[in-house]
Amino acid sequence: MRRQEYRCLNTNHSRTNVPVRFCPMCSEVVNINIPMKMCTQDEHACSRRNSNKYCVDCGEQLIK
Ligand SMILES: [Zn+2]
Ligand SMILES: [Zn+2]
């Protein structure tokens, strides 16, 4: 049996009421009810240190 187009393994996708808007691994919206945030460079630097590929608040790519 083939898996569906489910490439991202982040647990955010299988949960409800995720506390973040974007998935840090694929930048897909995981909770549409969370408003988009305007992030600062510091917040992105911090998020990058946690090895998030994408920002969970605005969906911006942090690691290229
Ligand atoms: Zn994902
Ligand atoms: Zn951000």
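Using 7 Å Cα-to-Cβ label points, what is the GLN61/ALA45 separation (nm, one decimal)?
Output for this residue pair reads 2.3 nm.
What ranking do 47-54, 18-25, 32-39 get when scored by the average of other Cβ atoms within 10 Å per residue, highest first? Could you put the intermediate results ahead of the total?
Working: 47-54: 14.5, 18-25: 18.9, 32-39: 11.0.
With the highest mean Cβ count within 10 Å placed first, the list reads 18-25, 47-54, 32-39.
How much mean residue ellipticity at 222 nm does the chain get from its helices, if each DSSP H run of length 4 or more adds -39500 (n - 2.57) and you divide by all residues, to the nearest 500 deg cm²/dmol? The partial results should precede the final answer.
Working: 1 runs with 9 residues, N = 64.
The per-residue figure over the chain is -4000 deg cm²/dmol.
Taking the number of other C-beta atoms within 10 Å as the exposure measure, put ASP42, ASP57 in order starting with the fewest.
Numbers: ASP42 8, ASP57 19.
Fewest to most other Cβ atoms nearby, the residues stand as ASP42, ASP57.
Every number here is computed from the coordinates shown, using simple stated rules; none is lab data. Every value quoted in this text rests on a predicted model; they were computed, and no experiment measured them. Cβ coordinates were reconstructed from backbone atoms using ideal geometry, including for glycine residues, and neighbour counts include every protein chain displayed.
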